[in-house]
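Taking it in order: structure first as structure tokens, then the write-up.
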Amino acid sequence: MAKVVKIDIITREIIKPSSPTLQHLRFMKLSLLDQLNFTMSTPILFFYPNKIQNIKQKSQLLKSSLSKTLTLFYPLAGKLKDHSFIHCNDHGVEFVDALVDCPMTDIFQNPDNFLLEKFISVDFNHTESSFRGAVIQANFFTCGGLAIGVSLSHKIADAASLATFLMAWTAASLAKETPHTVVPHFISDTIFPSPADSLTLPPPPPLLLTIETTTRRYVFDASNVSMLKAKAASATVQTPTRVEAITAFLWKCLMNLSGKKLSRFIKQSVLIQSVNLRPRFDPPMPENYIGNMSGKFLVETKDRNIELQGLVVLLRKGLEQVSKEIEGMDMEGILEFAKKFGELHGRDDVDMYSFTSLCGFPLYEVDFGWGKPMWATVTNLVLKNYVVLMDTRDGKGIEVCLSLSKEDVELLERNNQELLTFASVNPYLEACF
């Protein structure tokens, strides 16, 4: 049963850049990949220990440092126009202060996704007029703990862009340069230019936001990750990565789930994996190139008996293909992939799963001046069959947030003992207060 926790909104205000955006930067054209992305986002929550003694002072620090950061990340404070460019008019971003009437330990005992969603207010039914480049919510607990929710629109930023923004914001809050501090460059349109003529985008896949989903949290500790890496190794892929091993294992579990529900025919199982393209260019592109510079690869199989090693081989081949094709990516190829993505979503004979990895990004380095977060997690995973992988706090394990229909979540855990052998289901979080 979900916890009953009262969350009171104290203030809701618009934070503008501390300095006006220069006239020649007032219009930022969206790249082709920007335009193909939905206006939705995947919000991240950062939980901090009970060191917050003066709420008003800490809130003001967050707002003033955010204002300075928006001077660099000025498109976040702008408005979407004609779905093709951002009018960088310094409108600002929404910042919410909230009071939570319980200690943070209550949240950590059994993290409840429906409650976590209340720590960051997002609207997934964006229109152009209601577009928001960013939303921030600071949640102050009775114990002195703090949870900061951050949501950036996927029209402007991918995961690497979010990490760059967070490092710049914390540097402004600490009033000093950090090893991760960089100056952002909004030049994705020069790398993946959109067509000069109006772009007819493929329609969004049907039922993306209309099916009620349940998000389940699974944690693979370092020892179980190592065991799965060993199981996934083969002569073809001798040293699979943590992400490859866990992704293949989860895909296998989901394929088994599909098999339990079918009696007449075998569905095609399709996995879509997001990939940060910056390091795959030759030479690699800097992480401070902001925008959607994340591509996707698609792998598929009808072999329900395929072993873990075989799935890892498919994933590795898909990743290598992205690396080979990146320099030759053109508008036609990108649009063709988007079209295929939409078509597969609408087919009854296909099970499609979308995977995103945030592993390796410095999310546990997000320090505003009162220490590093005890826990970083994602919330509001409203898309069906959507899986997000993140580092655990020690950097060795992997935390998974998996969004399925309620029926599928129950069937997955009831009929897949191997999943429960390697992963802990929504375990208690060790609080370092």
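The values are calculated or read from the model by the stated rules, or taken from the named source; none is laboratory data. Since we're looking at a predicted model, the values are computed, not measured. When we count neighbours, we look across all protein chains shown, and the Cβ atoms used for this are built from the backbone with ideal geometry, even at glycine. Calculation scope for accessible area: heavy atoms of the full protein, side chains included, ligands and nucleic acids excluded. Shrake-Rupley method; radii C 1.70, N 1.55, O 1.52, S 1.80 Å.
Yes or no: segment 369-377 includes at least one residue that is hydroxyl-bearing (Ser, Thr, Tyr), open to solvent by less than 20 Å² (accessible area, probe 1.4 Å), touching a strand residue (DSSP E or B) at 6+ places or on another chain (Cβ under 7 Å) and not in a loop (DSSP other than H, G, I, E, B). So far as segment 369-377 goes, yes, one or more of its residues are hydroxyl-bearing (Ser, Thr, Tyr), open to solvent by less than 20 Å² (accessible area, probe 1.4 Å), touching a strand residue (DSSP E or B) at 6+ places or on another chain (Cβ under 7 Å) and not in a loop (DSSP other than H, G, I, E, B).
Screening segment 345-358 for residues that are at pLDDT 80 or above and surrounded by 17 or more Cβ atoms within 10 Å (Cβ to Cβ) and picking the one that is farthest from Gln35 (Cα to Cα) gives Asp351. When Thr71 is tested against (1) in a loop (DSSP other than H, G, I, E, B); (2) at pLDDT 90 or above; (3) open to solvent by less than 60 Å² (accessible area, probe 1.4 Å), just one condition goes unmet, and that condition is (1). Considering each residue of segment 82-96 in turn, at least one proves to be surrounded by 21 or more Cβ atoms within 10 Å (Cβ to Cβ) and under 21 Å from Leu146 (Cβ atoms). Taking the criterion of being among the aliphatic types (A, V, I, L, M) and open to solvent by 30 Å² or more (accessible area, probe 1.4 Å), would at least one residue in segment 411-421 satisfy it? Checked segment 411-421: at least one residue is among the aliphatic types (A, V, I, L, M) and open to solvent by 30 Å² or more (accessible area, probe 1.4 Å).
Is it the case, given these coordinates, that Lys261 is at pLDDT 95 or above and either over 22 Å from Leu404 (Cβ atoms) or surrounded by fewer than 17 Cβ atoms within 10 Å (Cβ to Cβ) (or both)? So Lys261 does not fit the description; no. In this structure, Leu33 does not qualify as over 21 Å from Gly145 (Cβ atoms), touching a strand residue (DSSP E or B) at 6+ places or on another chain (Cβ under 6 Å) and in a helix (DSSP H, G or I). In the set (1) assigned to a helix (DSSP H, G or I); (2) open to solvent by less than 50 Å² (accessible area, probe 1.4 Å); (3) of a type in the set (Val, Ile, Thr); (4) modelled with pLDDT under 95, the condition left unmet by Thr178 is number (1). Within segment 8-60, if we keep just the residues that are polar (S, T, N, Q) and in contact with a Lys or Arg (Cβ under 7 Å, 6 or more places away or on another chain), the residue that is most open to solvent (accessible area, probe 1.4 Å) turns out to be Ser18.
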